[in-house]
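Here's the structure we're looking at; comments come further down.
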Amino acid sequence: MLGKLLKYDLKFVYKVVVVFYILSFIFSIFTRIFLNIENSLLFNIIGQIASGIMISMLVSSLINGIMRSWVRFINNIYKDEAYLTHTLPVEKKSIYLSKVLTAIICAFTTVLVAIGCVLISYYSQSNMEVLKDFLQLAANTYDTTVINLLLVISFILFLEIIFIILIGYVGIIIGHKSNKNKMVKSIITGFILYMNTTALTLGIIACVGVFNENIMNLIKTMDRVDVEAIKFIMIVAIVIYVVYNIAYYLIGKRQLEKGVNVD
C-alpha cells in the first residue's frame, strides 16, 4: 500500500515539476551552445539570457516541488480527498511516510537536475580551473577536489530543503488542529518553528565556539578565513540538519497519529 500511496504522491508533485526540469535542460543546452560561439556579441547575449532562464527554471522547480508537496499533504489529508484517504486500510504513519519520501525524492532529483544543468552549461577545463582557484582554499581544507566539495555543499543544501519541507508538514498538522483560520495558523506555526530552530542552530554554534577557539575567532572577527573552522562548521551543519530532519519527522508522525480534523 505504501508503494501505491507513493506512486500517486509522486505523480501529483512531478506533474508540474518535471516541466521545469525539461525547460532547465533545454535552456542549459542553449546556454552551452551560444556561450561557446566565439567573437559574437549577439550569441553571447542570447547565451546569457538562456543562462538566466535556466537558473529561473531551476529555482522554479525547487519552489514548485516544495509547494506541491505541501499542497498534496493538505489536499490528501485534510480536504475532500481526506475522506477517501482515511478510509484506506493503511495506518497514518504510512500516509505520512509516503509524503515525506515524496519530498525527499523530489528534493534529491531537483539537486541532481541542478548539478546536471550547471555542468551542461558551464563545464570546461578552463571554467573548472577558474572555479578551482575560487574555491581552492576550501577545497584544500578537505584535501579533495572542487567537484567533491561542491557535492558536499549540494548535500547540505539537500538536507536544508528536506528540513524546510518537514517544518512545513509539522506546521500544517499543528495548524489544522484548530477549528478556524487553519491555513493562517499553519503558516505562522511553520514560520515560528523555522525561526526558533534557526536561533537554536546559532546557539549551538556559539556553544561549540566556547570549546573551539577557531570557531570563536571566526565568529568574532569575520575578517579572515580559518580553514579548520570552516571544515568543522560544515560537519556540524550536516549533523545538525540530520538531527533536525529526524526530529521533525518523528514530531510530524506523532502529531498526525493523534488525530485529524478533516475540513
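Suppose each label sits 7 Å from its Cα in the direction of the beta carbon; what would the LYS93-LYS180 distance come out to in nanometres?
With each label placed 7 Å out from Cα toward Cβ, I get 3.7 nm.
For the range 1-94, build the convex hull from the C-alpha positions and give me its volume per residue in Å³.
Details: hull volume 8.2 nm³, N = 94.
Spelled out: Cα convex hull of the range 1-94, divided by residues, is 87 Å³.
Only loop residues by DSSP count here, and only those with at most 12 other Cβ atoms within 10 Å; note down the trypsin sites (Lys or Arg not before Pro) in the range 171-210 that meet that. Spell out each step's value before the answer.
Values: sites: LYS177, LYS180, LYS182, LYS185; in loops: LYS177, LYS180.
Passing sites in the range 171-210 are LYS180.
Past 21 Å, Cα to Cα, is the threshold; run LYS79/LYS253; LYS4/LYS177; LYS79/LYS177; LYS182/LYS258 against it and keep the listed order.
Details: LYS79/LYS253 19 Å; LYS4/LYS177 27 Å; LYS79/LYS177 13 Å; LYS182/LYS258 17 Å.
LYS4/LYS177, as the Cα separations exceed 21 Å there.
So for the pair MET1, THR201, with labels modelled 7 Å out along Cα→Cβ, what separation do we get in nm?
Once both label points are built, they end up 3.6 nm from each other.
If you bin every alpha carbon distance in the range 42-131 into 10 Å steps from zero, what whole percent lands in each bin?
Going from the shortest bin to the longest, the percentages are 14, 32, 23, 16, 11, 5, 0.
Just to check I understand the Karplus step: with θ = phi - 60° and J = 6.51 cos²θ - 1.76 cosθ + 1.60, what whole-Hz values come out for the range 242-255, glycine and proline as x?
Once θ is set to phi - 60°, the couplings for the range 242-255 become 5, 5, 4, 5, 5, 5, 5, 5, 5, 4, x, 4, 5, 5 Hz.
Which FRET efficiency value, to the nearest 0.05, do you get for GLN48 and VAL242 by plugging their Cβ-Cβ distance into 1/(1 + (r/R0)^6) with R0 = 41 Å? Numbers along the way, then the final one.
Numbers: r = 38 Å, r/R0 = 0.93.
Computed FRET efficiency for GLN48 and VAL242 comes out at 0.60.
Out of the total accessible area of the range 1-112 (probe 1.4 Å, heavy atoms of protein only), what percent is carbon and sulfur? Show your work: numbers first, answer last.
On the way: 4310 of 6070 Å².
Carbon and sulfur: 71 percent of the exposed surface of the range 1-112.
Any idea what the dipole of the range 1-111 comes to, in debye rounded to 20, about its Cα centre with Lys/Arg Cβ at +1 and Asp/Glu Cβ at -1?
Values: 11 positive and 5 negative charges, 77 e Å.
Dipole magnitude for the range 1-111 comes out near 360 debye.
The values are calculated or read from the model by the stated rules, or taken from the named source; none is laboratory data. Every value quoted in this text rests on a predicted model; they were computed, and no experiment measured them. Here the Cβ is made from the backbone with ideal geometry for all residues, glycine too, and neighbour counts use every protein chain on show. Quick note on the areas: whole protein, heavy atoms, side chains included, nothing else; ligands and nucleic acids left out. Shrake-Rupley method; radii C 1.70, N 1.55, O 1.52, S 1.80 Å.
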